[in-house]
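Throughout, read-outs are computed from the coordinates displayed, never taken from laboratory work. Values in this document were obtained by computation on a predicted structure and should not be read as measured data. Here the Cβ positions follow ideal geometry from the backbone for every residue, glycine too, while neighbour counts run over all protein chains shown.
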Ligand code: CMX
């Protein structure tokens, strides 16, 4: 067994024992009541999922294993000469809870490079789809095609013990993550670069190799990819992509099937597709006004027009966050350093100044501040990644780190099949009537 896997097993066994005691001694502790409004309104705020890798505070933003994004940018290992953290290090942290050394991150990087070969039939599945197919649909089809490689599915069919589930889940997670950049880059080159593919460079780290295979060899872009793939990885367990992966995994569907479920959720415009929608919205704004740098007054009018047409302002609002997303801030800092004069970047910053008070004035939007998707497209465009339909695939490659690390934990902790109770409105009315009688 590799030493990362050993370390994971060690910390997982320890936590499993702690949870056993916790449940024996305090299993009946109430975490709060569920209201009718919560049940009808997207289960907001109901503490009903356990996710070890990260925790979201509505005012402070995400912490990965207790570390904020600024702390991670400082403490996680970097490549030689780099200043942004590597996703390899972040994955080690999510999986084990330990801050990795350079050697740990390097070990993950080598393992992923070694496992990155994608079988030919996966490319054939992608090629079978019309080239006009949305990149997220191609990505999901490719993930399903990769499922033929699942060690978990094979081992389960061979009849393994429950105690071994985590082991095969871990192996699938590592192989799937290793292969995603090649698959994603293939889709990119197929759709936008006349199918002129670029072979992987096994000497590069995961992010740089991904950039290279897409056709971007600029060092600053590689740094952006390291930051991007780190900060999009995880956002605790209740968001659609994380929850869908966890839910499907709870049926013991293998990591490929589970992750694909997460990705079909990420492809929704209220979730990951918002990064595509943001840049479209900004480009429409620029085209409508005939300028790359509309004034704040013009932006304000455009926001009001969007709202009056019954549409959302993409990149703004959040189901949990109530402040500016620190993932937005990290990207803004990167842009301030590397491309402060870019017209679209400046427009993103002007929207940030103008949008919150307008959104707040509607009286119904709970969070008027920008989320992660409000900034990413402008940065990608600056470096020449112009095809916004592809942006959610980048998000998906990153999200694999968080949701697959969590899936390893789900199996290591022996979590059961997820099956919350649903009810009908008739039943709800009966509960309300009963409660009314009790207080009368
Ligand atoms: N523009 C316009 N209206 C918005 C809005 C926005 N950015 N954000 C919320 N609202 C509206 C909601 O649609 C809802 O309207 P109705 O009462 O008419 O249905 C009302 O305000 C209350 O919504 P909320 O409680 O503040 O927000 P939710 O938790 O229901 O939804 C989210 C959260 C993210 C789906 C929503 O803010 C939104 O649609 N934002 C735009 C899309 C976006 O950026 N998504 C990316 C989120 C991050 C990610 O997952 O990647």
What distance in nm separates the simple spin-label points at residue 361 and residue 58, each placed 7 Å from Cα in the Cβ direction?
2.5
Using every pair of alpha-carbon atoms in the stretch 102-256, split the distances into 10 Å bins beginning at 0 and state the percent of pairs per bin, rounded to integers.
10, 34, 38, 16, 2
Extension length gain for residue 343 and residue 386 (0.36 nm per residue less Cα distance), in nm, is 14.1 nm
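Quick one: which of 71-77, 116-122 comes out on top by average Cβ neighbours within 10 Å, and what's the full order, highest first? Intermediate results must be reported in sequence, preceding the final value.
Working: 71-77: 17.9, 116-122: 15.0.
Packing proxy ranking, top to bottom: 71-77, 116-122.
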In nanometres, the difference between 0.36 nm per residue of separation and the alpha-carbon distance of residue 163 and residue 35 is 42.4 nm
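Taking other Cβ within 10 Å of each residue's Cβ, how do 197, 26, 382 sort, fewest first?
On the way: 197 16, 26 8, 382 20.
Going from least to most buried by this count: 26, 197, 382.
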What is the pair-distance distribution P(r) of the stretch 64-135, computed from all Cα-Cα distances in 10 Å bins starting at 0, with each bin given as a whole percent?
18, 35, 19, 23, 5
Return the whole-Å distance between the Cα centroid of the stretch 393-440 and the Cα centroid of the stretch 82-115.
31
Max mean-square fluctuation residue, GNM over the chain, Cα-Cα springs under 10 Å, options 39, 335, 145:
39
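State, to one decimal in nm², a quarter of the convex hull surface area for the C-alpha atoms of the chain, i.e. the direction-averaged projected area. Before the final figure, lay out each step's value.
Values: hull surface 96.2 nm².
Quarter of the Cα hull surface area: 24.0 nm².
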What is the fewest-to-most order of 206, 349, 427, 281 by other Cβ atoms lying within 10 Å of their Cβ?
427, 349, 281, 206
With the 8 Å Cα cutoff and a minimum separation of six or more residues, the stretch 1-158 has a relative contact order in percent of 13
Taking the Cα centroid of the stretch 7-29 and of the stretch 154-231, what is the distance between the two, rounded to the nearest whole Å?
33
Using only the alpha-carbon atoms of the stretch 323-440, report the extent along each of the three principal axes, biggest first, to the nearest angstrom.
65, 45, 23
Can you give the Rg/Rh ratio of the stretch 1-110, where Rg is from the C-alpha atoms and Rh is the Kirkwood radius?
1.08
Find the relative contact order for the stretch 67-193 and round it to a whole percent, using C-alpha pairs within less than 8 Å whose residues are 6+ positions apart.
23
Most exposed to least, judged by fewest other Cβ atoms within 10 Å, 188, 40 sort to 40, 188
Please identify which residues in the stretch 228-254 have an amide N closer than 15 Å to a label point set 7 Å out from the Cα of residue 44, following the Cα→Cβ vector.
239
Top of 321, 56, 31 by mean-square fluctuation, Gaussian network on the chain, Cα under 10 Å:
31
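Would you please give the FRET efficiency between residue 251 and residue 287, computed as 1/(1 + (r/R0)^6) with r the Cβ-Cβ distance and R0 = 60 Å, to the nearest 0.05? Intermediate values should be presented prior to the final figure.
On the way: r = 46 Å, r/R0 = 0.76.
Computed FRET efficiency for residue 251 and residue 287 comes out at 0.85.
Gain in length, residue 426 to residue 438, computed as 0.36 nm per residue apart minus the alpha-carbon separation, to one decimal in nm?
Details: separation 12, 0.36 × 12 = 4.32 nm, distance 1.86 nm.
2.5 nm is the gain from fully extending residue 426 to residue 438.
Under 8 Å for C-alpha pairs, at least 6 residues apart: give me the relative contact order for the chain, rounded to a whole percent. Can you show the working numbers first?
Values: 613 pairs, mean separation 93.4, N = 440.
The value is 21 percent.
Counting only helical runs of four or more DSSP H residues, what would the 222 nm mean residue ellipticity of the chain come to if each run contributes -39,500 (n - 2.57) and the total is spread over all its residues? All intermediate terms of the calculation are to be shown ahead of the outcome.
Numbers: 20 runs with 268 residues, N = 440.
When only DSSP H runs of four or more count, the value is -19500 deg cm²/dmol.
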